[in-house]
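Following: one structure in structure tokens, then a few remarks.
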Amino acid sequence: MASPTRSNKLRILLIPFFASSHIGPLTDLAFHLAAARPGVVEATVAVTPANATVVRSALARRGPSAGATVQVATYAFPSVDGLPPGVENLSTVAATDAWRIDAAAWDEALMRPGQEGHIREHSPDAIITDPHFFWNVNVAADLGVPCVTFHAIGTFPTLAMVNLVLGGIHNSTGSVVTVPGFPNPDIRVPLMELPEFLRTQQIIPRSIGDRAVSAQGRCLGLAVNTFFDLEHGYCELYMRNGYVKRTYFVGPLSLPSPSAGASAGNSPCIRWLDTKPTQSVMYLCFGSLTHVSEAQLHELALGLEDSGKSFLWVVRGNAWMPPEGWKERVGDRGMVVTGWAPQTAILAHPAVAAFVTHCGWNSVMETVAAGVPVLTWPMVFEQFITERFVTEVLEIGERLWPEGAGVRSTKSEEHELIPAEAVARAVARFMEPGGAGDAARSRVKELSAKAHAAMAEGGSSHHDLRRLIDDLIEGRNAGAGDDATI
């Protein structure tokens, strides 16, 4: 009996990890896939109920047509000890409980039933999954459809972590480890600045890590939010090392569509920037996951005040209160935003001179696309590794807290307070005409042109987006038999 004829559309189900920094770029990938082949690709982002608003917000920033292009579907978040109902995202969980979401995400017995049930009910033609959910590769194989994993971080930090795992981090001598298997320059990272799973191996047991690596090797390929000209040496290394069958470098996924820019113009941030001279404002934002202590926020506020420079500062949450009299002393020279801000539009504004960043990969891609140099202030996860890429490989910025000035760590309790005078000195120095900021700006402007070229028609990332679609169609048809049509 002939198998049923499938739709002439390629229905892709995308499944991100429980963090806005993963949901956003995977939603952007869904949008770009649909835009690359209008009428051919039907993309659906599957998230738990509390995360649906993150997807819808990301689509809304793309303009009114994006919601019709990309669909949102939900599956139940399992009950997790210690997490209140509705807390399903690392951006909304208390800092002390963030590990519970990480642990749950890697727990196949806990997470797989809900995801597998949703996948089987949706019956997609292809699956793109976060690598946390490695079991989805097996689910896709059972259904006879292709599966691709998606990395929200670049090849440099990913390769560094894989090589450290395989090379044996505890074989290092002293307090600093050199990443094995990397081309020049040597990348040296203090043990205290490595991701906690590498330091303790408690959240992700080695057995789970091995299964995730094995699943990656069995699936169709890997898509990464990067572009070839940014990480070409590391992209080539990734393609040669045998970790994956195929690679698709499809970024920067953050580049806005033409219809997205108009709404950002109504933002108070943009209106405030419109009043400032060209390249006069320092922008500061530490992402959706980083928890900065009250004491550090206090020192940062005083440092920005003492720097004498204009600044736009995004503070997570709305409970923080600045030092007494600070707002009056700073006046219109500074603007503080609590919660979310239109970062891509801010970075694209001509008034912005530089960006103090935590080195989250999304922020790195956004600042490269905008051509804005950075002062780096990493805090957690792989951010200290990414900092080396930004400052030592790309040379598009420098450390805010100079090497040797104090202890830094991926554990907040070990991270020394950066004093106000260090903040003021770094900001003022980086923004001096003819200084380090100008040299970094020249380099990042060149990368910005390459980023836009990569996503344009005929560019490397645009080519890889279309190649990804072609390969998924081929994989679907191979699984469906001769009666499959597209």
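What follows is calculated from the coordinates using simple rules that are stated; it is not laboratory data. This structure is a prediction, so every number in the text was calculated from the model and none was measured. No Cβ is skipped: glycine too gets one built from the backbone with ideal geometry, and neighbour counts run over all protein chains shown.
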Fill in the blank from the handout: Simple SL model, points at 7 angstrom along Cα→Cβ for residue 442 and residue 332; separation in nm is 3.5
Problem - Simple spin-label estimate for residue 81 and residue 50 in nanometres, 7 Å along Cα-Cβ - result: 1.8
Problem - Cα-Cα P(r), region 262-450, percent of pairs per 10 Å interval - result: 9, 40, 40, 11, 0
Fill in the blank from the handout: In debye to the nearest 20, the charge dipole size for region 262-450, taken about the Cα centre with +1 at each Lys and Arg Cβ and -1 at each Asp and Glu Cβ, equals 520
Practice task
For helix 361-370, report the angle its Cα long axis makes with the longest principal axis of the Cα atoms of the chain; keep it between 0 and 90° and round to the nearest 10°.
Solution key: 70
Fill in the blank from the handout: Taking 0.36 nm per residue of separation between residue 417 and residue 141 and subtracting their Cα-Cα distance, the length gained on full extension comes to 94.4 nm
Exercise for the section: May I ask you to derive the FRET efficiency for residue 240 and residue 191 from their Cβ-Cβ distance with R0 = 41 Å, giving the value to the nearest 0.05? Expected result: 0.90
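With a Förster radius of 45 Å, plug the Cβ-Cβ distance of residue 425 and residue 65 into 1/(1 + (r/R0)^6) and report the FRET value to the nearest 0.05.
Using R0 = 45 Å, I get an efficiency of 0.45.
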Practice task
Kindly work out what percent of the DSSP beta bridges joining two residues of region 312-469 are antiparallel, to the nearest 5.
Solution key: 0
Practice task
With a point put 7 Å past each Cα toward its Cβ, work out how far residue 456 is from residue 405 in nm, to one decimal.
Solution key: 3.8
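Just rank 81, 229, fewest to most, by other beta-carbon atoms within 10 angstrom.
On the way: 81 7, 229 18.
With the sparsest Cβ surroundings first, the list reads 81, 229.
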Practice task
Can you check what the net charge comes to around residue 155, using other residues whose Cβ is under 11 Å from the Cβ of residue 155 (Lys, Arg +1; Asp, Glu -1)?
Solution key: -2
Handout entry: region 412-486 versus region 65-119: alpha-carbon centroid distance in Å
Key = 26
Problem - For region 409-420, Karplus couplings with θ = phi - 60° (6.51, -1.76, 1.60), whole Hz, Gly/Pro x - result: 7, 6, 9, 4, 5, 9, 7, 6, 5, 8, x, 4
Fill in the blank from the handout: Expected unfolding gain across residue 176-residue 74 under the 0.36 nm per residue rule, minus the alpha-carbon gap, is 32.4 nm
Completion exercise
Going from the fewest other Cβ atoms within 10 Å to the most, one would list 469, 385 as 469, 385
Completion exercise
Sorting 277, 87, 423 by the position of each Cα along the dipole of the chain (Lys, Arg +1; Asp, Glu -1; all at Cβ), the one nearest the positive end of that ordering is 277
Exercise for the section: Highest first, please rank the peptides 408-421, 327-340 by the mean number of other Cβ atoms sitting within 10 Å of their residues. Expected result: 408-421, 327-340
Fill in the blank from the handout: Amide H neighbours of residue 283 at under 5 Å, excluding residues fewer than 5 places away on the same chain, with H built from the backbone geometry, are 312, 353, 354, 355, 356
Completion exercise
Full extension between residue 340 and residue 467 adds, at 0.36 nm per residue less the Cα distance, a length in nm of 42.3 nm
Completion exercise
Whole-Hz Karplus couplings 3J(HN,Hα) for region 90-104, θ = phi - 60° and coefficients 6.51, -1.76, 1.60, Gly and Pro as x, run 4, 7, 10, 7, 4, 4, 6, 10, 4, 4, 5, 5, 4, 5, 5
Practice task
Order by neighbour count: 471, 130, fewest other Cβ atoms within 10 Å first, most last.
Solution key: 471, 130
Practice task
Work out the charge dipole of the chain with +1 on the Cβ of Lys and Arg and -1 on the Cβ of Asp and Glu about the Cα centre, then indicate which of 101, 380, 235 is farthest towards its positive end.
Solution key: 235
Handout entry: Sorted peptide list for 41-48, 70-77, criterion being average Cβ within 10 angstrom, highest first
Key = 41-48, 70-77
Exercise for the section: List the residues whose amide H sits under 5 Å from the amide H of residue 334, counting only those 5 or more places along or on another chain, with H placed 1.01 Å from N in the peptide plane. Expected result: 311
Completion exercise
Other residues with Cβ under 15 Å from the Cβ of residue 410 give, with Lys and Arg +1 and Asp and Glu -1, a net charge of -4
Practice task
Take every DSSP beta bridge with both residues inside the chain and express the antiparallel ones as a percent of the total, to the nearest 5.
Solution key: 5
Fill in the blank from the handout: In Å³ per residue, the alpha-carbon convex hull of region 366-432 encloses 95
Exercise for the section: Could you tally up the Lys pairs in the chain with alpha carbons closer than 24 Å? Skip any pair fewer than 8 positions apart unless they're on separate chains. Expected result: 5
Practice task
In whole Hz, with x marking every Gly and Pro, tabulate ³J(HN,Hα) for region 332-348 from phi via Karplus 6.51 cos²θ - 1.76 cosθ + 1.60, θ = phi - 60°.
Solution key: 7, 5, x, 10, 10, 10, 9, x, 8, 9, x, 4, 4, 6, 5, 5, 7
Problem - the chain - percent relative contact order, Cα under 8 Å, separation 6 or more - result: 17
Practice task
Compare the peptides 24-34, 233-243 by average per-residue count of other Cβ atoms within 10 angstrom and give them in order, highest first.
Solution key: 24-34, 233-243
